Amino acid sequence: MTAWTVAAEIARKDLRVELRSGEVLWITIPFGVVALFLVPLALPLDNPLLARVGSPMYWVVLLLFGMTIALRGSAVPTEPQRDALRLLGVDPAARFAGRVAATSMLLWAFQIVLAPATFVLYQTPLPPSWGLLIPVGLGVGLGLAVVGTIAADVTRGLRSRTALAPLLVAPLSAPLLVAAAQASESLANGDSILLPALIIAFTVLGLAVVGVLTAGPLEESAQ
Amino acid sequence: MTHPVDLVDISVRVGRTEILRGLDLKVASGESVGIEGANGAGKTTLLRLLATLIRPASGAGSVLGARLGSDDVGAARAHIGLLAHEPAVYPELTLHENLGFYARLAGRPAGRVDELLDGIGLGRAAHRRAGDASQGMLRRVDLARLLLLEPTLVLLDEPHAGLDTDAEKLIAALIADVRARNGCAVVVSHDAARLRDVTGRRLRLDLGTLV
């Protein structure tokens, strides 16, 4: 099997596990949408501020709940599962890629639900070239998945994992959040999004290289 | 003559604790060795060391020609089958899907999964989710995973736990199969009587030392 087919097999298994456990589909995604309700509840419906905070709120909710998706329990294999794959000679980098692919798809699905909810709840006007937000969303989803998978591997087996992993994810994904919010703002003002798009692309690329290079050593460091 | 398992004065530490110390062990091709020991004797650590999953703190050793602690253990791993204490199954997947996943990654034909499930008496329960299966059924699936991979070195950790008499025969069959292929098996258990049934030579592990 090539590294790509191994990654596809791992991603398929992870998605099947997630669809059956429903951890993301039935718990995290609905709670993410509920979180979007909070600000409109606190402000009068005709407040112009509501439309302005819609887009930043979307990215903040995506980051916070995306972290939960990226660090979900079923994404972290148990020791016997990991040992079985190590003994099969599965390339750690391919496994990393497969896990990232599955998590990215879940994060993109989350965004598909979150985006219309934001426009309805916040009455945020669609910018003329809103289609440019699609690659931005795809990039942020991929970046969050990469960061979450790295954090899950780094904190694996630690007693403080549940506290430590989000502490790693939050600062590493900050450039994604800032660039995404900037891209939305630029689009709303009719400006170019080249700079924030480049920040997202380079952040994702850099994190992916780190993830692939450290997958093997992190796996072998497990005792 | 080179042995598939050859450990000389091996010690293993987990954190600050020395789990195995001064261990010498040779296992020849076609041999099955039973290692008895109480809880905390280091049996599971020994098997993980032999599976090349952990590195020794000191000493020298090789497993299937790969030097323990080196980075060239990858090729040997593909010929090692480990039955851990906990099954390596995904609770959300069916028994068939679990075996199919490992079969595809190992490059084995899909038809072999059905054959094996029938062979271990789980053909009719193939589409039951692993999370809904009994401990004994999961143990059988784990055994089927080893049969699927046809390893040269089989490492079994308390293999009889949770198994009925019929399933216990599967363990004897697995060991006989690997020996017939000129491979070898190391079985650890706290139960000396059961070890006698399936292994040729028996040793005792006492607080990290073979006696």
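Things worth noting here:
- Here the protein assembly as shown is assigned +1 on the Cβ of each Lys and Arg and -1 on the Cβ of each Asp and Glu. Its dipole about the Cα centre then comes out at about 320 debye.
- Between B:His127, B:His79, B:His190, the GNM of chain B built on Cα springs shorter than 10 angstrom shows B:His127 fluctuating the most.
- 10 Å-binned pair-distance histogram of region A:1-154 (Cα, whole percent): 11, 37, 29, 16, 7, 2, 0
- Convex hull of Cα atoms in region A:102-223, direction-averaged projection (nm²): 8.3 nm²
- Rounded to the nearest 20 debye, dipole of chain B from Cβ charges on Lys, Arg, Asp, Glu: 260 debye
- Choice from A:Thr203, A:Thr103, A:Thr78 showing the highest fluctuation, given a GNM over chain A with Cα pairs closer than 10 Å: A:Thr78
- Selection from A:Gly73, A:Ala3, B:Ser134 lying farthest towards where the dipole of the protein assembly as shown points positive, charges on Cβ: B:Ser134
- Kyte-Doolittle at least -0.5, axis length at least 18 Å by Cα - qualifying DSSP helices, chain A: A:3-21, A:29-42, A:48-70, A:92-122, A:133-154, A:161-188, A:194-220
- Expressed in Å, the radius of gyration and Dmax of the Cα atoms of region B:116-169 are 11.1, 32.
- About its Cα centre, region A:1-159 has a charge dipole of approximately 220 debye under the convention of +1 per Lys or Arg Cβ and -1 per Asp or Glu Cβ, with nothing else charged.
- Principal axis analysis of the Cα atoms in chain B yields extents of 48, 35, 35 Å, listed in decreasing size.
- Using just its DSSP H runs of length 4 or more, each adding -39500 (n - 2.57), chain A gives a mean residue ellipticity at 222 nm of -27000 deg cm²/dmol after division by all residues.
- Long hydrophobic helices in chain B: the complete DSSP H runs spanning 20 Å or more by Cα along their own axis with mean Kyte-Doolittle hydropathy of at least 0.0 are B:135-149, B:165-180.
- Trypsin sites (Lys or Arg not before Pro) within region B:1-101: DSSP coil, no more than 15 neighbouring Cβ in 10 Å: B:Arg16
- Set of lysines with alpha-carbon distance to B:Lys43 below 30 Å, sequence-local pairs under 8 removed: B:Lys26, B:Lys169
- Applying a DSSP loop filter and a limit of 16 other Cβ atoms within 10 Å to the trypsin sites (Lys or Arg not before Pro) in region B:84-160 leaves B:Arg128.
- Tensor-based shape of region B:64-139 (alpha-carbon gyration tensor, a/c under 1.5 rounded, otherwise prolate or oblate): prolate
- Neighbouring partner chain Cβ atoms per residue of A:73-83, average, 10 Å criterion: 4
- Sequence-distant contacts, meaning Cα pairs under 8 Å at least 6 residues apart, place the relative contact order of chain B at 31 percent.
- Shielding of B:131-137 by partner chains, average beta-carbon count, 10 Å: 0
- Anisotropy class of region A:158-211 from Cα gyration tensor, a/c 1.5 cut: oblate
- Global geometry of the protein assembly as shown, whether rounded, prolate or oblate, following the gyration tensor of its Cα atoms and the 1.5 cut on a/c: prolate
- Note on the protein assembly as shown: antiparallel DSSP beta bridges, both residues inside, total approximately 50 percent of the bridges counted.
Read-outs: derived from the displayed coordinates by stated rules, not from any lab. Note that this is a predicted model, so its numbers are computed, not measured. For neighbour counting, all protein chains shown are included, and Cβ atoms are generated from backbone atoms with ideal geometry for every residue, glycine included.
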